Ligand SMILES: Cc1cc2nc3c(=O)[nH]c(=O)nc-3n(C[C@H](O)[C@H](O)[C@H](O)COP(=O)(O)OP(=O)(O)OC[C@H]3O[C@@H](n4cnc5c(N)ncnc54)[C@H](O)[C@@H]3O)c2cc1C
């Protein structure tokens, strides 16, 4: 008998764990309450069109390449991608705009034209610092099990700690950007990277500069849309022998004598297991949605610590004026108020940044008849407490369209699909619609996410709410960490022992 593992959830973390464990010889069953894999990496329909309704920016492709290649599957064939030469186009209300490029020299030249030689030099040194931070933290943090603060200090060593202090000090990302850039538009542009972890640049630590480095290493567009990556991961898991069951919601995590022994599905069916990997938000387990034993196994996520939610409009639209590339950002003129509104006043931003993903475009901004667009505005994670009224949502949409018009872009929507924080709460229960687990606010927040191993023996966690954090590659890495932890617990039950770094834990 192979040791049995049930994975609850077919998000990126759950799928990565399923691939790695099935490959190692575990009998893996994935139960997913929705009808398709991907979790937040979902497809939505607007009129006749299908669109990505979740992540759009794919970074750190080596994470996926390693996972696929460990199964003998060529990632580039399974998931065809195109590297973008324009990482994103940025627009401001005063009519100014700036493209960032995959080629750092082109970015530097663009910044020189945009804000002068001093800011171009500041960018060069910011880029070097962000890279040094990334290199410093990749091994001890991103690719490691979650460590305590003293462990982390030990792993970095005196030299690493001194470097960390020099690069980031104990200050916010906003303060760190303020020391580097004079132009407020550049602070806004690079500060926005905090929102990739659902956080405010005014509260997140300067170490989040490393997100800028990740993006500057390159952004890929997936042919056929990001959801194709989730489907390919599900196929990979099935190819390794995992069983995937959709529309199968886990209702209770079962335990006996202080150890997790399986899962009961809605409907009553019981799936016995030697280990369970939970890929939902840890907050859902802590809130008791999977029974009392699972509730005691995980720490609650206080409402005040939740990360950003969003209003997401997926639409087909006629776009005219400012040319769109794949990723486009439109900034309003009071950045601090956006985060005060969302995190302090718990309301939709009056001056919110608008992200527009033009899903049929790469680097070419030429006119098209009709575009498939995703528009995203940050929103408070209050989908469980204070549902947004139609009037509030309409007012936010009007402000958004006004901002786009001021920046020179006119949109005439045809078919529209809207997702609100309430909808995200329904899809990802007990989160209030928060999309990235806990916000990374405060200098220890990023290293305090729950580890793969829960307090209940036999129950493991994977996904954006646990270490190393949110985002598609990070959630995938968390699944591999959960697989390693299961292997460490149950490896002796396998007939052939997996190799020391099995599971596709890729290294660049
Ligand atoms: C609008 C949006 C834009 C984003 N943009 C980007 C981006 O551009 N780049 C990027 O890298 N990241 C982005 N992200 C974040 C990224 O999508 C997530 O961090 C990542 O996909 C989360 O993966 P996960 O493993 O946590 O699983 P999730 O996606 O959270 O999926 C968890 C799965 O578990 C299932 N589940 C939960 N409870 C149960 C249960 N009881 N029984 C059965 N199934 C259950 C859920 O249905 C779900 O399918 C974005 C997210 C959103 C929503």
Does segment 19-55 hold any residues that are more than 13 Å from the ligand (Cβ to nearest atom), in a loop (DSSP other than H, G, I, E, B) and surrounded by fewer than 24 Cβ atoms within 10 Å (Cβ to Cβ), and which are they?
25, 47, 48
Return the total of residues in segment 354-387 being buried (at least 21 other Cβ atoms within 10 Å of the Cβ) and not in a strand (DSSP E or B).
5
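Quick check on this structure: which one of 413, 457, 468 is away from the ligand (no atom under 16 Å from the Cβ) and in a loop (DSSP other than H, G, I, E, B)? Don't jump to the end; show me each part of the working.
Details: 413 fails: in a loop (DSSP other than H, G, I, E, B); 468 fails: away from the ligand (no atom under 16 Å from the Cβ).
Result: 457 is the single residue among 413, 457, 468 that is away from the ligand (no atom under 16 Å from the Cβ) and in a loop (DSSP other than H, G, I, E, B).
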Single residue of 136, 173 found to be more than 16 Å from the ligand (Cβ to nearest atom) and touching a strand residue (DSSP E or B) at 6+ places or on another chain (Cβ under 9 Å):
173
Kindly evaluate residue 259 against the criterion of being within 11 Å of the ligand (Cβ to nearest atom) and over 20 Å from residue 41 (Cβ atoms).
no
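Could you tell me whether segment 84-92 includes any residue that is more than 16 Å from the ligand (Cβ to nearest atom) and within 22 Å of residue 188 (Cβ to Cβ)? Show your work before the answer.
Of the residues in segment 84-92, the ones more than 16 Å from the ligand (Cβ to nearest atom) are 85, 91-92.
Remaining after also requiring within 22 Å of residue 188 (Cβ to Cβ): 91-92.
Scanning segment 84-92 turns up at least one residue that is more than 16 Å from the ligand (Cβ to nearest atom) and within 22 Å of residue 188 (Cβ to Cβ).
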The correct count of residues that are surrounded by fewer than 21 Cβ atoms within 10 Å (Cβ to Cβ), at pLDDT 80 or above and part of a helix (DSSP H, G or I) in segment 486-508 is 4
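Would you mind listing the helices (runs of 4 or more DSSP H) fully within segment 182-260 where at least 3 residues are over 18 Å from the mean Cα position of the chain (by Cα), assigned by TED's automatic domain parsing to the domain that holds residue 164 and in contact (Cβ under 8 Å) with a residue 12 or more places away in the chain?
On the way: elements: 184-191, 209-216, 227-239.
Fully inside segment 182-260 and qualifying: 184-191.
Has segment 56-71 got any residue that is within 16 Å of the ligand (Cβ to nearest atom), assigned to a helix (DSSP H, G or I), touching a strand residue (DSSP E or B) at 6+ places or on another chain (Cβ under 6 Å) and closer than 26 Å to residue 374 by Cβ?
Within segment 56-71, the subset within 16 Å of the ligand (Cβ to nearest atom) is 56-65, 67.
Going one step further and asking which of them are assigned to a helix (DSSP H, G or I), we end up with 61-65, 67.
When the remaining residues are screened for being touching a strand residue (DSSP E or B) at 6+ places or on another chain (Cβ under 6 Å), the result is 61.
Keeping just the survivors that are closer than 26 Å to residue 374 by Cβ gives 61.
Yes.
The values are calculated or read from the model by the stated rules, or taken from the named source; none is laboratory data. Since we're looking at a predicted model, the values are computed, not measured. FYI the Cβ positions are ideal-geometry reconstructions off the backbone, even for glycines, and counts take in every protein chain you see.
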